[in-house]
Structure formats: C-alpha cells, structure tokens
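Let me begin by presenting the structure, written as structure tokens, before commenting on it.
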Amino acid sequence: MIVVTGATGKVGRYVVDELVAAGAEVRALTRDPDAARLPEGVRVARTEDLPLEGAEAVFVNPAVLWGKGAGELLSEATRAGVRRVVTLSSSAVLFEGPGNPIGDHHRALEAEIEASGLTWTHVRPGAFASNALQWAGQIREGDVVRGPYAEAHTAPIHEADIAAVAARALIGDDLAGQAPVLSGPQSLTFAEQVTILGEALGRPPLRYEEIPAEAAREGMTGGGVPADIADSLLRMFAESVGRPAEISPETERITGRPGRTFAQWASDHAAAFS
C-alpha cells in the first residue's frame, strides 16, 4: 500500500496515475474525497484522518503541511510501520541566504523527515509548468499577457515528470537517500512561454508585455500571495533575466526517457486557457 497526500493536486494526481499504472495499491488523501475523481480502485480518504495503517510508503506534499511541520504525519507513519517517505520538495532549498521562505519551508521539512529515521527521498523540482496557469485569465480575455521580467528564464517541468520520479522512489529503494533536482528540458523566458502557449492554443501571436516589478507585486499580494513569497519570487525572476536556467539530467536518468517539453504541457492543458 502506498499513501499519497495531496492526491488531487497538480503533482499528486499524476503520482496516483503512475502508481496505478505500476500495479500498486494506492490510498489517496484529499480534503474532499467526494470530489476526488481518481482512478477506479484507488482508496480515497480525508487528509485530516491520516490513515497510514498498512502503508509501506508515503508521498508527502508540503502544501498540506504549510505552517505546521510534519511531526504528526511522521509520528503516525512510524507507529504504522511505514518504511519509506518521498517528499515533494523544491530546488529553492539550494538557494542560501535570507529572504527565501519557499526554500526555508522545504529545507525544514526535509530535515524533519531525515531525523525521523525513515528511509527518505526528496524530489526537488524547479519551476512547475503549471505556473503558466496564472496567465489563463488574461489569455481568455485577449492576446496580451502582462507580467514582470519578460526575459526572466526558467526551465518549466511538466508535473507528470515530477510524478514519474516520485513514483519510482515510492515503489523501490533505487533513490533512497537521494535528493534529485529536476527541471524541464528547455530554458525559456516568460515571453517565450507565452508564445508557445499561443501556438498550442492555435492563437498566435500571443505576446508578453512587461510591467514594473512594483505593479506585479501589488497584483500578487492582492491575489493572496504572502508578501514575503512575492518578494522572494520577484527577486529570483530579476536574477534570472538574461541567464538561461540550468537543465538537470535527472529526469531522463531516473525515468529512462527525456522530460516532456513545455509545448507538450501546453497541449495537455489547452482547455484551461479557453
């Protein structure tokens, strides 16, 4: 039995799919089991109940632990005899220095899991391709996406590739004690990502119009992003202007196939922009 927390999230759904395809028995934890819509045969339960009995491995999505740590989950995992924990972490843990709340949160979670005595793997993706969903409203309304730092580079990774690596770590011990950093196969600017989205939607040319960082910050915080996270993200974007993102070989090394491109992600999620 493998337990997946955050099972209806952007990565969790793909983790469930990967495990089901591999023939694993899966228990999916979500805040709203009635709305889960997961594959047939998957057992669905409430996150708050932490039903870990009979589980050999647990996929830990930090979004369900934000602000409270993993103590309760790890105690229950130890009591239930869980052997293996796979963490959805972040490559932000590698960025040292103050003003990095995303990295701080994931670094603390990693340390807590390592101290538990359970076998662990930390999966450390960089920018999710699904970050592009923040532009969906603007794309539905017109042909211009407005945002900061048009020439900032990321290497967006398809969430299905994150899940493929996580599932490999959940099923066996090949990645025990490892913390692979994952990226997509291409470094792309925000402007290039918007162009690719337009091509996937059959709506070229979409274009990216740069706005001042201060205006972007106001929009982020007004939309519910905590101020410290908005500041951290804008700082990272500014530092990546004109600097192509490093491409990690880990997805291909672990899965045996090249990572999916951003164009593939855009095609897979075209309905979200229409």
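The values are calculated or read from the model by the stated rules, or taken from the named source; none is laboratory data. On a predicted model such as this, the values are computed, not experimentally measured, just so you know. Ideal geometry is used to build each Cβ from the backbone, glycine not excepted, and the neighbour counts take in all protein chains shown.
Filter the stretch 151-166 down to the residues that are surrounded by 20 or more Cβ atoms within 10 Å (Cβ to Cβ) and under 16 Å from Gln193 (Cβ atoms) and list them by number.
Correct list: Ala152, His153, Thr154, Ala155, Pro156, Ile157, His158, Glu159.
Could you give me the residue pairs with C-beta distances under 9 Å whose first residue belongs to the stretch 105-124 and is touching a residue at least 12 places away in the same chain (Cβ under 8 Å) and more than 22 Å from His158 (Cα to Cα), whose second residue is in a helix (DSSP H, G or I) and polar (S, T, N, Q) wherever it lies, and which are 6+ apart or on separate chains?
Ser116/Ser75; Ser116/Thr78; Gly117/Thr78; Leu118/Thr78
Looking at Arg140, is it free of Cβ contacts under 8 Å to residues at least 24 places away in the same chain, more than 24 Å from Gly259 (Cβ to Cβ) and touching a helix residue (DSSP H, G or I) at 6+ places or on another chain (Cβ under 8 Å)? So that I can check it myself, show each step before the final result.
On the way: free of Cβ contacts under 8 Å to residues at least 24 places away in the same chain: no; more than 24 Å from Gly259 (Cβ to Cβ): yes; touching a helix residue (DSSP H, G or I) at 6+ places or on another chain (Cβ under 8 Å): yes.
It is false that Arg140 is free of Cβ contacts under 8 Å to residues at least 24 places away in the same chain, more than 24 Å from Gly259 (Cβ to Cβ) and touching a helix residue (DSSP H, G or I) at 6+ places or on another chain (Cβ under 8 Å).
Test Ala169 against the criterion of being in a helix (DSSP H, G or I), surrounded by fewer than 17 Cβ atoms within 10 Å (Cβ to Cβ) and either free of Cβ contacts under 8 Å to residues at least 24 places away in the same chain or out of contact with any Asp or Glu (no Cβ under 8 Å at 6 or more places or on another chain) (or both), and give yes or no. Talk me through it step by step, then tell me what you get.
Values: in a helix (DSSP H, G or I): yes; surrounded by fewer than 17 Cβ atoms within 10 Å (Cβ to Cβ): no; either free of Cβ contacts under 8 Å to residues at least 24 places away in the same chain or out of contact with any Asp or Glu (no Cβ under 8 Å at 6 or more places or on another chain) (or both): yes.
No.
Just a yes or no: is a residue in the stretch 207-215 surrounded by 20 or more Cβ atoms within 10 Å (Cβ to Cβ) and modelled with pLDDT of 95 or more? So that I can check it myself, show each step before the final result.
Keep residues of the stretch 207-215 that are surrounded by 20 or more Cβ atoms within 10 Å (Cβ to Cβ), which gives 208.
Narrowing the set further to residues that are modelled with pLDDT of 95 or more leaves 208.
Yes; the residues of the stretch 207-215 include at least one that is surrounded by 20 or more Cβ atoms within 10 Å (Cβ to Cβ) and modelled with pLDDT of 95 or more.
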